[in-house]
Structures are given as C-alpha cells and as structure tokens.
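The values are calculated or read from the model by the stated rules, or taken from the named source; none is laboratory data. Not measured: the values here are computed from a predicted model. Every residue, glycine as well, gets a Cβ built from its backbone with ideal geometry; the counts of neighbours run over all protein chains shown.
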Amino acid sequence: MNKQTLLNKAAPAALMALMLGTALAQDNPPPMVVERPTSAQWYEQGQEAVRAAQQLQPNTGKARNVILFVGDGMGVTTVTAARILEGQQRNADGESNRLSFEKFPYLAHSVTASANQQTSDSAPTATAMVTGIKTNEGALSVDQNIAKNESSAEVIAAASLQTILEQAEANGLSTGVVSTARITHATPAANYAHIGNRDWEGDALLPAGSTVKDIAAQLIDFPHGNGIDVALGGGRAFFMSNQSVDPEYPALKGMRNDNRNLIDQWLTQTHSAYVWDQAGFAAIDTAKTNHLLGLFEPLHMQYSVDQHKDGAGEPTLAAMTATAIEILQKNPDGFYLMVEAGRIDHAHHDGNAYRALTDTIALDEAVRMAQAMTSSDDTLIIVTADHSHTFTLAGYPSRGNPILGKAAINGVPQKDLSGKPYSTLGYANGPGYTGDGPRPDLSAIDTMHPDYLQEAAIPLEDETHGGEDVAIYADGPLAHLFHGTMEQNVIYHVMAAALGLNQQ
C-alpha cells in the first residue's frame, strides 16, 4: 500500500500522526492582503450588473453542437470553494473571483432526486440528464419499472430509454464521451449503455446466466449511426482479456473472462485509433482520425494534482476536451459531447477537499477550452452536476482567509467550545470523523496539505452524496430555457430542443 492509499484510508488520528511525523504541520497562513473595492466601486459594480442583464438577448436559434459538462458531485459549496481557491492560487481576491462557467448568462437549480430516492447516486441522475426520464438508483438508461439486478437482455431492451447521444448518432451528428473516471462509470455510461446495475462494467461482473451485455461491450458494440466517435478516460481493464498484460503496469492483466479484446475490435473501425499514454495521445493527428479510443488507466485516471506522478503520463481534462472537439467538429452536421470531471466525487467520498477543489478547477479549464474552440452562436454549453455532497463552508473567516485553512479572523484562528481551532471546510459525514474522544487540536496540523481529510460529524467509511439542488450554468442557443428550479431531466429536453430533435 503506497502512502497516498494509506493517507486516504487512514483513521483521522493516524492521519494526523502521519502529518505531524512528516513535518507537514504549520500555523494557518495570514489572510491575503487584497485591496477591496470602495463603497462607490461596490455600488458601480451593482449598477453595471443590472446594465449587462438589461442587454441580454436570448439566442433562439438552432444549435449545431451541444457540450454537456458534468462535475460529478460538484455541489454549490464545491463551486464556491473552488472559485475562492482558484483566485487565491493566483494571489487574487478569491471571493470576487468567478470560474468561467459562473459567467454564463443563464442559471437554474436542478432537482436531483431520482424516481426512488431523495438523495441520488450518479446512475439515475445521469440517466435523467441524457434521456429526459427519471429512473431508480443504480439503473442506467432504463425505466423505473425494472429490478436493479435484472440481467435479461430482452427485458432490458424493452425498458431501454433512448439517449441524446443515440439520437445524435441517428441524426448524423458526431458524438463523444470524455471522463477522468472509468469510461464505463455511471455518468459516461448512461450515454451509450442500458443496464439494470451500473456496476456491471465488464463481463466478469455480470451475474451467472446473464444475457445482457456488460457496459464496456455496449460501448464497442454501439449500434447507432457509425458508432461513438470519441471515448476518452480510464477503465482499460474492462476492455482487455484476463490474459492480456496491461501496457503500463506489467503486474496487472485485463478483467474480461470472455476472451474478447475490445480494444482490437475498436481498431477494426474505419479511421480509428487507440491510445493509452500521453505520448500516444499527443501523436494523434485529429485531421486524419475519425474514431478515437483513449484508455489511460486500468481503472480511474489520476487526480489532476497527481498526474505528474504517472510515469506513462496522461492528458488533462482540458486536453482531452480539445482533442475530442477537434475530431467531432469536422462533421458539418455538428456534434454532441459529454465531458465529466468524475473524480471530484471520489475526492469528496474520501473526505479530501483539496483534490475535490483542484479537480473542479481542472473542469473549469476544460470549459474555458471548449469556449475558445466554439462559438456561443451555434454551440450550447451546459455545466452542471449530477448531485452534491455533504460538503460545508462554515465559521466566520475573514475575507482572504485561506479557503483550505483554519477559520480565522484577521489571522487569529476561531475556536470551538473546548478552545481548539477548526477548519473552514468540513463534511457532515465521512472518514474524517473525530468524535471518539475529544476533538484533535488542529493548531499544529496543516489543513491545507493535499492529503488532509477534513473533519466529519458522522463516522462513515465513505462520505455520502448530498440531496440538495445543484446548479445548471448555460450559454448558447436556447440557454435561456434554463431558469428557476427545474427537475434534472429537463436538461435533456433543452438539449434535444436546441439540436432540433423530437420535433413533430
């Protein structure tokens, strides 16, 4: 077990001992000294915001392209904290900072409850966004009437819901899915797979007697149009047979038991390419490549701050987004692309705010890339989350106080009832629980270290999702249709309307 795994899974007391023992501890840095606007400037900023809003003119045209960005687990608190962190990393006023998608002109709340749960997982929430219909926990693009572990191909086919990606392919558009998680994980898989259990990512995970195809096989055997044009992410193991040695980790083999090498099957497609490392990715000639499969890890890709540790290298989310757009935009009829920052969610489950926030910033960089490569005249860009987390931003820290630091007023840490400092960020539940005995004294703990796990109120091995609404940010054709508080499945209907699908 490497140090990263140990730190992520260690009990809070052990984690703190590790941090103290490796000289990571330090006092909270003082707040940043940033010149605040004057009263007159605050007033003028408000006036300018009103003038800008009065000039807004909805784009009622048809979209040539749709790009759906999903920050998995990116609740509003995550966006706020990431905004502040990104600004502070640039020695700017984090509280006044805005991520690129926060500058989009249209905003709505998305109700994330699924057909059977108040607080949802990623399978039904992704299904809602790409099919327009809500379903049950664990289900991918099938309706709510089938059992979670239904494994009959006939039953699944009868309950399957058509996805926006499938419709795009049927209408001659190019399509792609990009994720920092396994490409067979719930959010990307909802676009192309129909299955009763999101965990059936490879054939070895299917129950005995199953006739339904596993998720990886459904990606390769995709029957609509000319097939998915771009698929980039992790999950290599589910595409390789159990006799195939992983190209990056010689001690590992594939996880398929059916003797199929899905990567080889992908390569039989016209003008197709496969890459698994940074060198191969960088060498892709997008002008000559029509189908690209990139699988950069056996399972999930690295967190953005850890990518430099990957010996084989792997592309950033922004780089994958750019390559996908370069390939897809060659189609004069347009494209549909879904891009997921999948590991925001994983860091939150680990109680690790640092990696959740830095992966949110990496998503923002991907959105900036997409904006630079397209035009809001004909491209609808949507940035949202599938669900939230139990992540909190609390206390009364001064403006400019380090967002990952201890809650402090003018550099003086605030104290709990026992006289101990606490961090600004925390979780309602998760592995950072410290309730067995007195709270640890954080005075000598570096809460800003990438491996620090924020404290949690309820002890759980993995922190849970949050059930509150998440935000939808939109720009481009029909973006103005996002307003107020909307059910999550409306996202699909706006995308379909923008592309001119489902019209009588």
Task: Breaking point among (1) in a loop (DSSP other than H, G, I, E, B); (2) crowded, with 18+ Cβ neighbours inside 10 Å; (3) in contact with a strand residue (DSSP E or B) (Cβ under 6 Å, 6 or more places away or on another chain), for HIS483 - done: (2)
TODO: Could you please give the count of residues in segment 107-149 that are modelled with pLDDT under 95 and not β-branched (Val, Ile, Thr)?
DONE: 3
Open item on the list: Can you list residue pairs whose Cβ atoms sit under 8 Å apart, with the first residue in segment 464-477 being at positive phi and modelled with pLDDT of 95 or more and the second being outside any strand (DSSP E or B) and among the hydrophobic types (A, V, I, L, M, F, W, C)? Count only pairs 6 or more apart in sequence or on different chains.
Closed with: GLY476/ALA63; GLY476/ALA498
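Residues checked against (1) surrounded by fewer than 22 Cβ atoms within 10 Å (Cβ to Cβ); (2) touching a residue at least 24 places away in the same chain (Cβ under 8 Å); (3) in a loop (DSSP other than H, G, I, E, B):
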{"position": "GLN144", "(1), (2), (3)": "yes, yes, yes"}
{"position": "SER151", "(1), (2), (3)": "yes, yes, yes"}
{"position": "ALA158", "(1), (2), (3)": "yes, no, no"}
{"position": "VAL177", "(1), (2), (3)": "no, yes, no"}
{"position": "THR180", "(1), (2), (3)": "no, yes, no"}
{"position": "THR184", "(1), (2), (3)": "no, yes, yes"}
Open item on the list: Tell me whether segment 311-318 contains one or more residues that are touching a residue at least 12 places away in the same chain (Cβ under 8 Å), closer than 20 Å to ALA217 by Cα and of a type outside the set (Asp, Glu).
Closed with: no
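Test of understanding: among ILE445, ILE472, which residue is crowded, with 16+ Cβ neighbours inside 10 Å, among the β-branched types (Val, Ile, Thr) and closer than 30 Å to ALA63 by Cα? Working first, answer last.
On the way: ILE445 fails: closer than 30 Å to ALA63 by Cα.
On inspection, the qualifying residue turns out to be ILE472.
Please count how many residues of segment 274-301 are hydroxyl-bearing (Ser, Thr, Tyr) and in contact (Cβ under 8 Å) with a residue 40 or more places away in the chain. Talk me through it step by step, then tell me what you get.
Start the filter on segment 274-301 by keeping residues that are hydroxyl-bearing (Ser, Thr, Tyr), which leaves 274, 286, 289.
Right, trim to in contact (Cβ under 8 Å) with a residue 40 or more places away in the chain and you get 286.
Residues flagged as hydroxyl-bearing (Ser, Thr, Tyr) and in contact (Cβ under 8 Å) with a residue 40 or more places away in the chain within segment 274-301 amount to 1.
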- [ ] Give the residue, chosen from LEU205, LEU219, that is modelled with pLDDT of 95 or more, under 27 Å from ALA341 (Cα atoms), surrounded by 21 or more Cβ atoms within 10 Å (Cβ to Cβ) and aliphatic (A, V, I, L, M).
- [x] LEU219
Open item on the list: It is to be established whether one or more residues within segment 387-394 are in contact with a helix residue (DSSP H, G or I) (Cβ under 7 Å, 6 or more places away or on another chain) and not in a strand (DSSP E or B).
Closed with: yes
